[in-house]
1. In degrees from 0 to 90, rounded to the nearest 10, what is the angle of the helix A:235-244 Cα long axis to the longest principal axis of chain A?
2. Measuring from label point to label point, each 7 Å out along Cα→Cβ, what is the B:His246 to A:Leu209 span in nm?
3. Evaluate 2.2 N^0.38 Å with N set to the residue count of region B:171-212, then give the Cα radius of gyration divided by it.
4. Is there a simple number for the mean count of other chain Cβ atoms within 10 Å of the Cβ of residues in A:215-226, and what is it?
5. Under 15 Å Cα-Cα from B:Lys121, which aspartates and glutamates qualify once same-chain neighbours fewer than 8 residues away are excluded?
6. Quick one: what does P(r) look like for region B:74-162 with 10 Å bins over all Cα pairs, in whole %?
7. Can you give the helix-only mean residue ellipticity at 222 nm for chain A, where every DSSP H stretch with n ≥ 4 adds -39500 (n - 2.57) and the sum goes over all residues, rounded to the nearest 500 deg cm²/dmol?
8. From other protein chains only, count the Cβ atoms within 10 Å of every residue's Cβ in A:88-97, then give the mean.
Amino acid sequence: MKILVCISNVPDTTTKVKFVDDFKRLDTTGIQWIINPWDELSLTRALELKDNPSNGIQCVTIAHVGLITTEPTIRKGLAIGADDAIRINTEPSDANFVAAQLAEVIKANPYDIILCGIESSDYNGSNVGGMLAEYLEYPSVSAVSELRIENGQVIINREIDGGKEVVTIPVPFVAIVQKGIAREPRIASMRGIMTARTKPIKVSEPITLDLFTEVVNFEMPKPHPTCKFIDPENPKLLVELLQNEAKVI
Amino acid sequence: MSVLVFTENWDGKFKKLSFEIVSYASKLAEKLGTFSIALSIGNVEKTELERLGKYGAGKVINVSDNLLNILDNQVYSSVIAQIVKKEDAKVIILACNNTGKAIAPRLSVKLKAGAASCVSKLPDSIDPFIVFKKVHSGNAFANIRINTDIKILTLAQNSFELIESENHATIENLPFQIDATLLKTQVKEVQKLTGKILLTDADIVVSGGRGMKSPDNWAPLIELADLLGAATACTRPVSDEGWRPHEEHTGQTGKIIAPNLYFAIGISGSTQHIAGVSSSKCIVAINIDKDAPVFEVARYGIVGDAMKVLPRLVEAVKEIKNK
Ligand SMILES: Cc1cc2nc3c(=O)[nH]c(=O)nc-3n(C[C@H](O)[C@H](O)[C@H](O)COP(=O)(O)OP(=O)(O)OC[C@H]3O[C@@H](n4cnc5c(N)ncnc54)[C@H](O)[C@@H]3O)c2cc1C
Ligand SMILES: Nc1ncnc2c1ncn2[C@@H]1O[C@H](COP(=O)(O)O)[C@@H](O)[C@H]1O
């Protein structure tokens with residue numbers, strides 16, 4: 001079986017975001033770019049599955065839609081242990097556009113298990129995985145918190161609103177993963193970093209498509225009201241304020 | 001033309017969340033000069049379906065079939081897409097929960113409809129159609145224009161008020177042919193969280209961080225939660241350490257919640273934690289360090305040792321509740 005891990009390239013999650021061009025564009029100066037945290041975890045899980053020969057995983061490939069500037073993020077994934085990568089050479093302008101680009105290359109060269117994260121930490125879109133599955137006409141399982149292979153059968157734990165389910169799904173399929181899929185992200189070893197330099201990144205050219213959605217502009221959150229401090233000896237006052245001022249209890 | 005809202009049920013019952021999205025869909029329909037249709041899938045009694053009417057749904061369509069007992073993303077999206085076409089729906093609303101996030105993207109491709117997730121208010125502009133949603137995990141917001149004829153939105157939880165009216169909906173039971181070959185998901189086991197207030201549904205959440213010091217110190221926090229009818233939550237290191245169950249992990253990589261009231265007790269207020277709770281209406285922080293970043297997002301704060309403050313707070317709540 002072959003696993004494809006779709007990764008998005010996002011600002012480090014502690015970045016203090018700022019915007020330029022009249023709030024139309026993210027100010028990228030000084031930003032550290034990382035593999036989207038969920039994608040890092042799904043890559044880790046894919047490699048864990050490959051480590052156990054009885055799972056029969058031949059290769060783990062990374063797919064990414066982005067310009068050449070994002071190659072360091074792809075190399076990071078290769079250093080962690082992916083075998084090779086595909087980069088579709090275009091700006092990832094909207095979720096539908098990204099999913100359609102990914103579908104195009106996957107149709108030409110299919111994979112059995114396709115992993116996407118539940119959201120990119122920058123756009124918080126939660127869209128690409130499901131859209132990709134629909135373009136491919138593959139089944140999809142969302143909110144996946146565990147994925148294992150038993151006797152050639154894929155077994156998945158998914159979170160539903162109000163509980164968990166253990167489900168099975170035939171390959172090929174798309175799993176949209178969340179917390180739990182792996183415990184800690186795997187870290188690149190020195191050897192991994194060395195070998196990553198020679199691992200192949202195949203570059204594909206994009207197809208042309210209309211954009212379904214476009215960002216008009218960004219806004220900053222409203223400043224928080226300053227905190228009202230209450231004497232630790234007098235929590236009764238807090239309860240009164242919650243009742244009468246904030247009206248939340 | 002119409003606005004279609006997919007209302008999921010839980011063992012035949014709707015939740016506050018269902019009524020929020022119906023209220024939203026109905027207000028949006030009003031703006032568009034049309035009406036809203038609620039779509040319910042699965043076995044729901046007529047009296048329960050009628051409740052959707054109170055929140056403004058002009059019509060309720062009910063589809064039930066044994067094949068729909070399993071949430072299969074392909075089956076569900078194919079059913080909804082067919083009803084969208086039948087009812088000429090131009091906007092489709094779903095909840096921004098696991099189910100909504102699973103189905104909306106598939107519908108988007110099927111219907112060539114632009115999708116925006118976790119929208120948090122009514123669009124300011126209908127033509128062009130511009131929606132507002134949080135990005136960068138709540139550190140910013142974006143106005144997004146949807147260019148397509150059909151639009152799909154998921155609505156963020158607790159972001160829209162319930163609007164009740166005297167409205168009555170007509171109920172239509174729709175016989176439906178479901179393509180059984182689409183059903184690929186097989187459920188082997190279900191574990192329902194019962195008897196507890198679900199974290200994602202709770203109006204009040206009491207949450208503890210590493211400042212709680214040990215898993216043995218949680219009793220007063222749980223007592224406070226019980227008194228307030230609140231759910232309990234925690235930070236990532238607390239669930240990683242196994243002090244609390246993983247379901248309670250809140251934040252960017254855990255649950256994203258938006259209760260009316262959030263207690264952050266012994267929580268420093270890292271950006272990744274706040275990302276999961278920044279939509280809370282009111283945050284109360286209890287922390288021994290007056291410079292903890294959590295106080296920057298809190299409306300009320302107590303600087304003190306949680307072990308001393310919590311029991312006093314429990315007593316204060318008891319006093320008020322007994323009045
Ligand atoms: C990619 C990524 C994703 C992450 N996702 C999440 C996430 O989803 N959720 C999450 O929570 N974290 C997440 N984290 C971790 C996050 O960065 C912080 O490490 C974490 O939130 C800190 O948890 P804490 O507040 O419990 O602990 P600490 O930061 O250690 O804070 C403990 C606080 O308790 C206070 N304290 C100490 N003693 C007392 C006392 N006696 N009484 C009262 N207060 C006391 C201290 O002053 C301090 O402010 C993520 C990190 C990364 C890198
Ligand atoms: N530019 C991209 N290239 C490859 N995969 C992506 C890209 N953007 C998003 N994804 C995948 O889709 C998931 C959800 O992203 P989003 O829909 O943007 O929130 C991510 O976790 C990735 O797995």
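Rule-based calculations on the coordinates, nothing more; no lab input. All values reported here derive from a predicted model rather than from experimental measurement. As a convention, Cβ positions derive from the backbone with ideal geometry for all residues, glycine included, and neighbour counts pool all protein chains shown.
1. So the helix axis and the longest Cα principal axis differ by about 80 degrees.
2. Result for the modelled spin labels: 3.2 nm.
3. Output field value: 2.17.
4. Whole-number average of other-chain Cβ neighbours for A:215-226 is 5.
5. Correct list for B:Lys121: A:Glu219, B:Glu20, B:Glu30, B:Glu161.
6. Over region B:74-162, the share of Cα pairs per 10 Å bin runs 17, 50, 29, 3 percent.
7. My calculation for chain A gives -8000 deg cm²/dmol from helical runs alone.
8. 2
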